[in-house]
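Written out below as structure tokens is the structure these notes cover.
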């Protein structure tokens, strides 16, 4: 049996494990991306392994942990930006020159959330998590809350 046929025969013996592995790797990547985190690619199938059930189980755990980490991140980040959001506008505020729940200018959106801007347009069409990721990037980059005039009212440094 040649190598391709052997590999094909191996994957036919446990197709659900391969399918599960791909699914849980994708889910882990999805939750990490929503936090603005990079992709963790450790734990792939090694050549010669007949059935990656253990890896499917490992990635199931990683996907579950990534979702829990995202939920914690979202809660903490939302609380951090909630005061500014209450003073600025609705998450879907479409009124130029400021859009979204944190009233971001077009320049701000294109600079700190370019992938969201390309995908959805202005911030009034972005999910809340994307607006929060963008605000966090700006804050980490600039080191202050100068974009928001309401920052002093919220007890945030300017």
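What to note about this one:
- Long-range neighbours under 6 Å by Cβ, at least six apart or interchain, first residue within 14 Å of residue 100 (Cβ to Cβ) within region 73-86, second surrounded by fewer than 20 Cβ atoms within 10 Å (Cβ to Cβ) and at pLDDT below 95: 84/150; 84/154
- The listed residue being modelled with pLDDT under 90, out of contact with any strand residue (DSSP E or B) (no Cβ under 6 Å at 6 or more places or on another chain), surrounded by fewer than 18 Cβ atoms within 10 Å (Cβ to Cβ) and within 15 Å of residue 136 (Cβ to Cβ), out of 37, 69: 37
- Qualifying position, being under 18 Å from residue 79 (Cα atoms) and crowded, with 21+ Cβ neighbours inside 10 Å, among 99, 148, 126: 148
- Residues considered: 75, 137, 86. Of these, the only one that is under 20 Å from residue 37 (Cβ atoms) and surrounded by fewer than 13 Cβ atoms within 10 Å (Cβ to Cβ) is 75.
The values are calculated or read from the model by the stated rules, or taken from the named source; none is laboratory data. Here the structure is a predicted model, which means the values were calculated and not measured. Using ideal geometry, Cβ is built from the backbone for each residue, glycine included, and neighbour counts are taken over all protein chains shown.
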